[in-house]
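K.L.:
Here's a structure for you.
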2 protein chains.
Amino acid sequence: MNSTDLTMEQRVSLITLAVKDVQASARFYDGLGWQRATGPDDPDEVVAYNLPGQTLGLYSKSMLAKDLGIPEEAIGGFSGVTLSYNVRSKNEVAPVLDLVVRAGGRILKPASEIFWGGYIGYFCDPDGHVWEVAHNPFSPLDKDGAFRWGGY
Amino acid sequence: MNSTDLTMEQRVSLITLAVKDVQASARFYDGLGWQRATGPDDPDEVVAYNLPGQTLGLYSKSMLAKDLGIPEEAIGGFSGVTLSYNVRSKNEVAPVLDLVVRAGGRILKPASEIFWGGYIGYFCDPDGHVWEVAHNPFSPLDKDGAFRWGGY
């Protein structure tokens, strides 16, 4: 294959969230009911959760800074990445946000109707990473939870 | 079901990247060989790419700010989220980074060995969203590209 014919496949293997204290952050995700793929023998600076076909990793902010060759203070703010957890019906949104609060997360926007017909709330994890809990009537989830864009 | 028995399933439906100019940003992802799920009749403020079981969306920064009820200037910096595109062999990392450059991306760190035995490069898209191109010998990809944490 000619190198200029190369394309990237449309997939994301790992979503990494840099966090100040990996174990404290992991307790939040554990509190949502998530099961770790990493165990007590794994290094302290990473906790991984397997999702369908990919992994979400919590990774030490200082390690990521070192990997990227940037000062740790350069990691901060909100770069405009959100992760959405879509649910099967409108009335599942608020209970998930309640669960988030019990686990130690912070609500950024309570569940509410949005102009295009969805029902959405926003929260952030203990490090400020932003999640959306959404019901999108135009993009129903598959039985196994898979999502495909169906417009909005 | 008692509401306190509720858990979140371990999945991410949408990865949304807020961008200044959605169409300009989409041309970068198009240039990687990605196929849009949205078409010319869809609203200008969103371009969606279907990934396995989830969608990556480019979304107008000003719209996200409005959705969250924050000023647009509050979106900036680097919050420490990285998306990793894992490849099947070490010698695929550099050609993907070359493709990224041809498409208009910026290399943050050229392909190099990392202490735990992986081979990794970092790039950012036109809005500064950080991606990793990685070969992790401890987590081989499935035939269909699915990734599962296998340690590092």
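K.L.:
Under a Cβ-Cβ cut-off of 13 Å, what is the net charge of the residues other than A:Glu9 that fall near it, where Lys and Arg count +1 and Asp and Glu count -1?
P.N.:
0
K.L.:
Of the listed peptides A:6-12, A:50-56, what is their order by residue-averaged count of other C-beta atoms within 10 Å, with the highest listed first?
P.N.:
Going from most to least packed, we get A:50-56, A:6-12.
K.L.:
Also, quick follow-up: From the cross-link list A:Lys66/A:Lys109; A:Lys66/B:Lys66; A:Lys90/B:Lys61, which pairs have alpha carbons spaced over 29 Å apart?
P.N.:
Pairs exceeding the cut-off: A:Lys66/A:Lys109; A:Lys66/B:Lys66.
K.L.:
So, one more: Once the label point is placed 7 Å from Cα along Cβ, list for B:Phe115 the distances to the corresponding points in the other copies, in nm, shortest first.
P.N.:
In ascending order, 4.8 nm.
K.L.:
What does a probe at A:Asp44 reach in the stretch B:134-152, counting residues whose amide N is under 19 Å from the point 7 Å along Cα→Cβ?
P.N.:
Only B:152 pass the distance filter.
K.L.:
Given a 1.4 angstrom probe, what's the average accessible area per residue across the stretch B:43-117, in square angstrom?
P.N.:
Spelled out: the 1.4 Å probe surface of the stretch B:43-117, per residue, equals 42 Å².
K.L.:
I would also like to ask the following. Using a probe radius of 1.4 Å on protein heavy atoms only, what is the accessible area buried between chains A and B, both sides summed, to the nearest 100 Å²?
P.N.:
The contact between B and A buries close to 6900 Å².
K.L.:
Taking each label point as 7 Å beyond Cα in the direction of the beta carbon, state the distances from B:Gly150 to the same residue in the other copies, shortest first, in nm.
P.N.:
3.5
K.L.:
Placing a label point 7 Å from Cα toward Cβ, how far apart in nm is B:Gly33 from its equivalents in the other copies, listed shortest first to one decimal?
P.N.:
Reported distances to equivalent positions: 3.8 nm.
K.L.:
Moving on to the next point. Taking only DSSP H segments of four or more residues, each worth -39500 (n - 2.57), what value at 222 nm results for the protein assembly as shown once the sum is divided by all its residues, to the nearest 500 deg cm²/dmol?
P.N.:
Here the helix-only value at 222 nm equals -5500 deg cm²/dmol.
K.L.:
Whole angstrom only: what separates the Cα centroid of the stretch B:3-46 from the Cα centroid of the stretch B:87-138?
P.N.:
Using only Cα atoms, the two centres lie 21 Å from each other.
K.L.:
Now for a separate question. Taking every residue in B:54-60, how many Cβ atoms of other protein chains lie within 10 Å of its Cβ, on average?
P.N.:
5
K.L.:
Compute the length gained on full extension between A:Ala74 and A:Ser112: take 0.36 nm times their separation in residues and subtract their Cα-Cα distance, giving the result in nm to one decimal.
P.N.:
Extending this stretch completely gives an extra 10.3 nm.
K.L.:
Within the protein assembly as shown, what whole-number % of the accessible surface is contributed by carbon and sulfur, with the 1.4 Å probe and all protein chains included in the calculation?
P.N.:
Of all accessible area on the protein assembly as shown, carbon and sulfur atoms account for 51 percent.
K.L.:
Separate question: Can you pull the mean other chain C-beta count within 10 Å for peptide A:140-146?
P.N.:
What the average comes to for A:140-146 is 3.
K.L.:
Identify the residue of chain B whose Cβ lies closest to the rotation axis that maps chain B onto chain A, and give that distance in whole Å.
P.N.:
For chain B, the closest residue to the axis carrying it onto A is B:Gly77, 1.
The values are calculated or read from the model by the stated rules, or taken from the named source; none is laboratory data. Note that the coordinates shown come from a computational prediction; the quantities given were computed from them, not determined experimentally. Don't worry about glycine lacking a Cβ; one is built from the backbone with ideal geometry, like all the others, and counts go over all protein chains shown. These area figures cover heavy atoms from the full protein model, side chains too; ligands, DNA and RNA do not enter into them. Shrake-Rupley method; radii C 1.70, N 1.55, O 1.52, S 1.80 Å.
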